[in-house]
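Step one of this worksheet: look at the structure below.
Bear in mind these aren't lab numbers, they're just calculated from the coordinates by the rules spelled out. What you see is a predicted model, and the numbers here were worked out from it, not measured in a lab. Note that each Cβ is placed from the backbone with ideal geometry, even for glycine, and that neighbours are counted across all protein chains shown.
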């Protein structure tokens, strides 16, 4: 008898787990971009504004991270 195949995590479950980390990364990157904005003549971005924007912009970033992680998990399953 062979062992049953391992249960695979769907992308939406991975995205739920990764959302706080991806949204945090988006907030940090937006804030850093806001710090560089005055160099090109734009207004700087306040940290709270970066956090507010990251709530919405974190969703597509999380979905992309979830798909990438699912791909890596599939690759790891193929090699074993």
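Of note:
- On inspection, residue 41 qualifies as loosely packed, with under 12 Cβ neighbours inside 10 Å and either touching a strand residue (DSSP E or B) at 6+ places or on another chain (Cβ under 6 Å) or at positive phi (or both).
- A count restricted to the stretch 24-80 and to residues that are assigned to a helix (DSSP H, G or I), closer than 29 Å to residue 8 by Cβ and more than 14 Å from the chain's Cα centre (by Cα) stands at 9.
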